[in-house]
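Participant: Here's a structure for you.
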Amino acid sequence: MSGLTHTEVTSELILAAVLKSLDDNKAEETVQIDLRGKTSVCDHMVICSGRSSRQVASIAQKLAEDLKHELGVLCKTEGEETGDWVLIDAGDVIVHVFRPEVREFYQLEKMWMPLGKVTQSAT
C-alpha cells in the first residue's frame, strides 16, 4: 500500500487506479461517467466490457486486488459467480464490468449520461 492515509484517498485517485487496472487487464469499451452533483451514491461510474464470463470475473477480481494493494480501498463485489455483470463498489467509484451482450441489454450509459455525451476512452 502507498503511504496515503484513508482521508487522502480521493475519488480522483480511486478513479485513476480503476482506469489503470482496467486498461492493464484488457477491459474493452471503457466509459467513465462523472456523477458529482447528480447522485449521493458515488462520484464516478465506470462501465466496461470483457469478452467472456471468465474475463469479466478476472477483470473484476484483479481490480479489487489492485485497489486494495495500491490504495488500501476494500471493494464489495457482486456477480462474480456468473461473470455476466460484475459490480465493484469502491466507495466513491462504482464499476460495472459486463459481457458485451449483457451491457447492450441494460445500456447503463444511456441512463446516466446526457444525450449525445457517451464517450469511450481509447482502449
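Participant: Among Glu70, Glu80, which is buried (at least 17 other Cβ atoms within 10 Å of the Cβ), assigned to a loop (DSSP other than H, G, I, E, B) and of a type outside the set (A, V, I, L, M, F, W, C)?
Facilitator: Residue meeting the stated conditions: Glu80.
Participant: Continuing with this model, one more query. Every residue in region 1-11 that is part of a helix (DSSP H, G or I) and either modelled with pLDDT of 95 or more or of a type in the set (Ser, Thr, Tyr) (or both), please.
Facilitator: Answer for region 1-11, where residues must be part of a helix (DSSP H, G or I) and either modelled with pLDDT of 95 or more or of a type in the set (Ser, Thr, Tyr) (or both): Thr7, Ser11.
Participant: Filter region 34-52 down to residues that are free of Cβ contacts under 8 Å to residues at least 24 places away in the same chain and hydroxyl-bearing (Ser, Thr, Tyr), then give me how many there are.
Facilitator: Summing the residues that are free of Cβ contacts under 8 Å to residues at least 24 places away in the same chain and hydroxyl-bearing (Ser, Thr, Tyr) in region 34-52 gives 2.
Participant: Sticking with this one: Checking Gly37 against (1) surrounded by fewer than 20 Cβ atoms within 10 Å (Cβ to Cβ); (2) in contact with a helix residue (DSSP H, G or I) (Cβ under 9 Å, 6 or more places away or on another chain): exactly one of these is not met. Which one?
Facilitator: (2)
Participant: Something else: Condition first: loosely packed, with under 15 Cβ neighbours inside 10 Å and at pLDDT below 95. Can you find one or more residues in region 41-61 that meet it?
Facilitator: yes
Participant: Can you list residue pairs whose Cβ atoms sit under 7 Å apart, with the first residue in region 20-33 being assigned to a helix (DSSP H, G or I) and the second being basic (Lys, Arg)? Count only pairs 6 or more apart in sequence or on different chains.
Facilitator: Hits for this filter: Ser21/Lys62.
Participant: Anything in region 28-40 that is over 10 Å from the mean Cα position of the chain (by Cα) and modelled with pLDDT of 95 or more? List them, or say none.
Facilitator: Once the filter is applied, which keeps residues that are over 10 Å from the mean Cα position of the chain (by Cα) and modelled with pLDDT of 95 or more, region 28-40 yields Glu28, Glu29.
Participant: For the condition out of contact with any Leu (no Cβ under 9 Å at 6 or more places or on another chain), hydroxyl-bearing (Ser, Thr, Tyr) and either in a strand (DSSP E or B) or within 19 Å of Asp23 (Cβ to Cβ) (or both), what is the one hit in Ser40, Ser58?
Facilitator: From the options Ser40, Ser58, the qualifying one is Ser58.
Participant: Here's something else I'd like to know. State yes or no: is Lys110 part of a helix (DSSP H, G or I) and surrounded by fewer than 17 Cβ atoms within 10 Å (Cβ to Cβ)?
Facilitator: Criteria met by Lys110.
The values are calculated or read from the model by the stated rules, or taken from the named source; none is laboratory data. Nothing here was measured: the structure is a model prediction, and the numbers come from that model. So basically every Cβ, Gly included, is an ideal-geometry build from the backbone, and we count neighbours across all protein chains shown.
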